[in-house]
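Asks: Mind having a look at this structure? Questions to follow.
The values are calculated or read from the model by the stated rules, or taken from the named source; none is laboratory data. All of these numbers come straight from a predicted model, not from anything done at the bench. Glycine also receives a Cβ, built like all others from the backbone with ideal geometry; neighbour counts cover every protein chain displayed.
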Amino acid sequence: DTGVSQDPRHKITKRGQNVTFRCDPISEHNRLYWYRQTLGQGPEFLTYFQNEAQLEKSRLLSDRFSAERPKGSFSTLEIQRTEQGDSAMYLCASSFDERTPGEARKTQYFGPGTRLLVL
Amino acid sequence: AQKITQTQPGMFVQEKEAVTLDCTYDTSDPSYGLFWYKQPSSGEMIFLIYQGSYDQQNATEGRYSLNFQKARKSANLVISASQLGDSAMYFCAMENAGNMLTFGGGTRLMVKP
């Protein structure tokens, strides 16, 4: 079983350009999450999908950020008109909504991340 | 709002000794999950261990154990018999009914040979 994969692993772009990142989750996982991690900090939640439905997007950092998961499999995260402050690691995670009696457990498994540098 | 606090920015441990990494949390949700992840220099977040808020026993996974003290809202990670490969950043995280993970600021563990 392959883990979560992300592409590209590294991206250097100039300020003002658009960038798109791809995430392929673990195949049987129905949930997919995006996080951003800046240097020296823990990851920060951005958005998540259950199948193709985007259930939470209020944490996206601005209207320049958008995410899609059109067929409920892979997902893309797009940043339009990039700024230097967007430089960070963008992490994708997936999980399977496994219910156990009394409490839900949804361990999120992370991909290797995409490091973005905006010049 | 959820909050995770890791008060140790960096820790040293001698190889083969045990080490405890601290984590305290704050939430008003009665149901939540607590996770520990390891992040080596390569950047990937590796899941280590999980503790549910209703679990009666402390979680264990190989050399990792979680010292869960619900009344004190703490979920410390204990690594036994440290190995050089354990050198990494360690993050404590909490998941609530909202399904997002809230992470602490992390602890950098350095294992000395």
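Asks: Could we say that B:L77 is touching an Asp or Glu at 6+ places or on another chain (Cβ under 7 Å), away from every other protein chain (no Cβ under 13 Å) and within 13 Å of B:Y37 (Cβ to Cβ) here?
Replies: No, not satisfied.
Asks: Which residues, taken from the stretch B:36-60, are among the charged types (D, E, K, R), at pLDDT below 95 and either farther than 19 Å from B:R108 by Cβ or under 13 Å from the mean Cα position of the chain (by Cα) (or both)?
Replies: Answer for the stretch B:36-60, where residues must be among the charged types (D, E, K, R), at pLDDT below 95 and either farther than 19 Å from B:R108 by Cβ or under 13 Å from the mean Cα position of the chain (by Cα) (or both): just B:D55.
Asks: Further question on the same structure: Run down A:G42, A:G16, A:G102 and say which single residue is within 8 Å of chain B (Cβ to nearest Cβ) and either surrounded by 14 or more Cβ atoms within 10 Å (Cβ to Cβ) or modelled with pLDDT of 95 or more (or both).
Replies: Matching residue, one of A:G42, A:G16, A:G102: A:G42.
Asks: Could you check the stretch A:12-51 for strands (runs of 3 or more DSSP E) lying wholly inside it with 2 or more residues that are under 28 Å from B:G104 (Cβ atoms), in contact (Cβ under 8 Å) with a residue 24 or more places away in the chain and touching a Cys at 6+ places or on another chain (Cβ under 9 Å)?
Replies: Once the strands (runs of 3 or more DSSP E) in the stretch A:12-51 are filtered for at least 2 residues that are under 28 Å from B:G104 (Cβ atoms), in contact (Cβ under 8 Å) with a residue 24 or more places away in the chain and touching a Cys at 6+ places or on another chain (Cβ under 9 Å), what remains is A:19-24, A:31-37.
Asks: Checking B:G105 against (1) modelled with pLDDT of 95 or more; (2) at the interface with chain A (Cβ under 9 Å from one of its Cβ atoms); (3) part of a strand (DSSP E or B), which single condition isn't satisfied?
Replies: Just one mismatch for B:G105, condition (3).
Asks: Out of contact with any Ser or Thr (no Cβ under 9 Å at 6 or more places or on another chain), hydroxyl-bearing (S, T, Y) and more than 14 Å from chain B (Cβ to nearest Cβ): does that describe A:S62?
Replies: yes
Asks: Scanning the stretch B:61-84 for residues that are more than 16 Å from B:L21 (Cα to Cα) and modelled with pLDDT of 95 or more, which turns out farthest from the chain's Cα centre (by Cα)?
Replies: B:L84
Asks: OK, next. Return yes or no: is A:Y48 closer than 29 Å to B:G10 by Cα and among the aromatic types (F, W, Y)?
Replies: It is false that A:Y48 is closer than 29 Å to B:G10 by Cα and among the aromatic types (F, W, Y).
Asks: If the requirement is being among the small types (G, A, S) and within 14 Å of another protein chain (Cβ to nearest Cβ), which of these qualifies: A:G85, A:G113, A:G72?
Replies: The match here is A:G113.
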